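Colleague: To start, I am sharing the structure in question, which I have written as structure tokens.
The values are calculated or read from the model by the stated rules, or taken from the named source; none is laboratory data. Keep in mind the model is a prediction, meaning the values are calculated, not measured. FYI the Cβ positions are ideal-geometry reconstructions off the backbone, even for glycines, and counts take in every protein chain you see.
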Amino acid sequence: MRIVVIVLLFLCCGSALPALAEPVEIRENGCKECHRFSSHDKEFYKGPDLFFAGNKFYKNWLTKFLQSPMVIREVNVFSGSNVLREESKAIDSHVALKEDESERVTNFLMTLRLPNLELGKVDEEPLSKGERARAKVLFERTFGCISCHRALNLVGKVRGGVSGPSLINSGERLKPDWVFNWLKKPQQFMHEGRMPVYDLNEETTVLITKYILNIRKNP
């Protein structure tokens, strides 16, 4: 009986371990001046929210991005409901970290996750030709995603809006589970925002998720 109690105490303590300590680079580089690190923070920021970075990004991609930042969104983000302000149209350059700094920050960001997301809904089966055609219509016409996001036309040329992040080569940075949940219930990631909330069934959500993650400029 004593052994059982000890084991239970160990498991309880283990499950309550704190997340990885926040690295000093986040404070030294002013990351919290641009990004929300908590869903409880209701301020408006010009960078994307990071309190679910572990759900959203692939670790290898994020590590490389922090060392050599690239433009993903051509206008600054505001996490509130004010859509595009005049001052939002200028892009601020993202700080570049050294390799060891990037690894520390990435390891910490990977611990920032939201619970209770739907997992495993998107399998690795590629879209058929017919499914891809249907998904393209949904993406471009039915839901008008192309009006806010960069994508590719039939001959591989860039087209689309700039108020949302580019979705070209998004499969390299975004996890399928996150894209699925974002499309299904974007409100669980943002308290306010300009992402439309659609009543999507699971089949349609999976179809659009696969389409988005396969918009590749250099397959």
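Colleague: Taking segment 122-144 as the search range and keeping residues that are in contact (Cβ under 8 Å) with a residue 60 or more places away in the chain and part of a helix (DSSP H, G or I), which one is nearest to residue 182 (Cα to Cα)?
Modeller: Out of the qualifying residues, it is 139.
Colleague: Taking segment 151-164 as the region of interest, how many residues are in a strand (DSSP E or B) and within 15 Å of residue 195 (Cα to Cα)?
Modeller: 0
Colleague: What about residue 141, is it surrounded by fewer than 19 Cβ atoms within 10 Å (Cβ to Cβ), more than 27 Å from residue 40 (Cα to Cα) and not assigned by TED's automatic domain parsing to the domain that holds residue 42?
Modeller: Here the answer is yes, as residue 141 does meet what is asked.
Colleague: May I pose another question? Here's a check for you: in segment 118-137, which residue that is of a type in the set (A, V, I, L, M) and over 21 Å from the mean Cα position of the chain (by Cα) is nearest to residue 186 (Cα to Cα)?
Modeller: Looking at residues that are of a type in the set (A, V, I, L, M) and over 21 Å from the mean Cα position of the chain (by Cα), I get 137.
Colleague: When residues of segment 166-219 are filtered for being in a loop (DSSP other than H, G, I, E, B), among the charged types (D, E, K, R) and in contact (Cβ under 8 Å) with a residue 40 or more places away in the chain, how many remain?
Modeller: Total meeting the criteria: 6.
Colleague: Collect the residues in segment 118-138 that are surrounded by 15 or more Cβ atoms within 10 Å (Cβ to Cβ) and over 23 Å from residue 156 (Cα atoms), keeping them in residue-number order.
Modeller: The answer is 121, 122.
Colleague: I would also like to ask the following. Can you name every residue in segment 123-139 that is under 11 Å from residue 211 (Cα atoms) and touching a helix residue (DSSP H, G or I) at 6+ places or on another chain (Cβ under 9 Å)?
Modeller: Correct list: 126, 127, 131, 132, 134, 135, 136, 138, 139.
Each row is one residue, and each column tells you yes or no for (1) within 17 Å of residue 73 (Cβ to Cβ); (2) crowded, with 19+ Cβ neighbours inside 10 Å; (3) under 14 Å from the mean Cα position of the chain (by Cα).
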| position | (1), (2), (3) |
| --- | --- |
| 157 | no, no, no |
| 166 | yes, yes, yes |
| 172 | yes, no, yes |
| 194 | yes, no, no |
| 200 | no, no, no |
| 203 | no, no, no |
| 217 | yes, no, no |
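Colleague: Turning to a different aspect of this structure: When residue 166 is evaluated against the numbered criteria (1) modelled with pLDDT under 95; (2) hydroxyl-bearing (Ser, Thr, Tyr); (3) touching a His at 6+ places or on another chain (Cβ under 7 Å), which criterion, by number, is the only one it fails?
Modeller: (1)
Colleague: Then there's this: For segment 159-176, give me each residue that is out of contact with any strand residue (DSSP E or B) (no Cβ under 8 Å at 6 or more places or on another chain) and more than 27 Å from residue 123 (Cα to Cα).
Modeller: Selection gives 163 alone.
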